[in-house]
Ligand code: 13P
């Protein structure tokens, strides 16, 4: 088993094109010597083209923050997996809790998007995680298990082995309250066990599981030291090239040692 770590930045709805270009120039310098892990930026769609230009020749990859499940058609406001590939993306974040909360994303639509993304060679980063009130009544495991099962419906083991999951407890997003590392690892292990039952141990062992929720340069180490955590999905701290580079670099040092 060797799972290559991933540090992914989710910019959410931040940055203009010129801000994105400035960020990319700074990041390209800061991470030029990083090896042994994948670095992914998931910016707003409007900045993808500029970032692709700025990051050409670097190892930094691009991802969308969402996509629709058809290739093209009369779907005003949507972007297809094919278009994301065309814009230079290799990843796409699917089922983020903000999309579930504000844009009516469901486990069913996430599943369709997972199939569509894989069909176009995009690696989905499927977000799962519980609300504070669900954690309070010990529903965390159930919520996460159901989200994982439904996201993977009708996927063959080979296809399932291509996805990534991000465990993002909703109460930890943008709050500064990061989840305890051992607890985050426990839930990530449940995600892997759920995959083992659904698609078999081979696929489950290969899948990278990220942690997301108030990841900062000083909290990343504890997360990456956990056996079931293979990376991070970083929101706020990915908006500054230096804090994002610190998160990226710390992990490359950790994994090499
Ligand atoms: P923060 O790192 O700002 O808590 O955001 C996490 C997140 O939602 C990443 O997708």
Find the helices (runs of 4 or more DSSP H) located wholly in region 1-120 whose residues include 3 or more that are away from the ligand (no atom under 16 Å from the Cβ) and surrounded by fewer than 19 Cβ atoms within 10 Å (Cβ to Cβ), and list them.
17-30, 48-55, 81-86, 107-119
Might you let me know whether region 69-85 holds any residue that is under 26 Å from residue 217 (Cα atoms), modelled with pLDDT of 95 or more and out of contact with any strand residue (DSSP E or B) (no Cβ under 8 Å at 6 or more places or on another chain)?
no
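Matching residues to (1) closer than 27 Å to residue 12 by Cβ; (2) over 16 Å from the mean Cα position of the chain (by Cα); (3) at pLDDT 95 or above:
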position	(1), (2), (3)
139	yes, yes, yes
144	yes, no, yes
150	yes, yes, yes
153	no, yes, yes
162	yes, no, yes
171	yes, yes, yes
181	yes, yes, yes
188	yes, no, yes
200	no, yes, no
Look at residue 51 and say whether it is over 21 Å from residue 242 (Cβ atoms) and within 19 Å of the chain's Cα centre (by Cα).
no
Just for region 138-155: of the residues that are without any contact (Cβ under 8 Å) to a residue 24 or more places away in the chain and surrounded by fewer than 16 Cβ atoms within 10 Å (Cβ to Cβ), which one is nearest to residue 126 (Cα to Cα)?
142
Mind counting the residues in region 121-138 that are under 24 Å from residue 231 (Cα atoms) and part of a helix (DSSP H, G or I)?
2
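The values are calculated or read from the model by the stated rules, or taken from the named source; none is laboratory data. These numbers were taken from a predicted model, which means no experiment stands behind them. When we count neighbours, we look across all protein chains shown, and the Cβ atoms used for this are built from the backbone with ideal geometry, even at glycine.
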